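Heads up, the thing below is written out as structure tokens.
The numbers here are math on the coordinates, done by the rules we state, and not lab data. These numbers were taken from a predicted model, which means no experiment stands behind them.
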């Protein structure tokens, strides 16, 4: 499915070349309507793949977490050396695709740097 823009405040939802529904800004400004269309496009894009969540975990601690869609993250932490040995860590994550992309991009660059160092000349 895709959104076809017709003009200010007008668009349609189409699939396989057929227009299935008209989208018209009833009381929304042009900027609000554009924002709505961008949100709908993001939802349609997620239908093609699973939504992503990026978690930072370092030294036994859960750090930053980012998601493409709003989610309730529940971490079941089990460590016999902790008191209590079992606990649930819950976080509500807002949708922040830009933060997720930035976190993943940074981790990928760090991995590439690490691989380059390991594959480089040995003393």
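Expressed as an acute angle from 0 to 90° and rounded to the nearest 10, what is the orientation of the C-alpha long axis of helix 97-119 relative to the principal long axis of the chain?
40 degrees
Would you calculate a helix-derived [θ] at 222 nm for the chain, using -39,500 (n - 2.57) for each DSSP H run of n ≥ 4 and dividing by the full residue count, to the nearest 500? Working shown, then result.
Values: 2 runs with 40 residues, N = 123.
The per-residue figure over the chain is -11000 deg cm²/dmol.
Starting from the Cα gyration tensor of segment 56-123, take the square roots of the eigenvalues, sort them a ≥ b ≥ c, and report rounded, prolate or oblate (rounded when a/c is under 1.5, otherwise prolate if a/b is larger than b/c, else oblate). Working shown, then result.
Details: a/c = 5.22, a/b = 1.38, b/c = 3.77.
In terms of gyration-tensor shape, oblate.
Quick check on segment 2-46: take the gyration tensor over C-alpha atoms, sort the square-rooted eigenvalues as a ≥ b ≥ c, and tell me if it's rounded (a/c under 1.5), prolate or oblate.
Details: a/c = 2.51, a/b = 1.34, b/c = 1.87.
Oblate is the answer for segment 2-46, as a/c is 1.5 or above yet b/c matches or exceeds a/b.
Identify which of the listed values of mean projected area of the Cα convex hull in nm² was calculated from the structure shown: (i) 12.5; (ii) 13.7; (iii) 10.6.
Calculated mean projected area of the Cα convex hull in nm²: the matching label is (ii).
If one computes the Cα centroid of segment 84-98 and of segment 1-15, what distance in Å separates the two points?
Measuring centre to centre over Cα atoms gives 36 Å.
With angles folded into 0 to 90 degrees, how steeply does helix 30-46 sit against the dominant principal axis of the chain? Use alpha carbons for both and round to 10.
60 degrees
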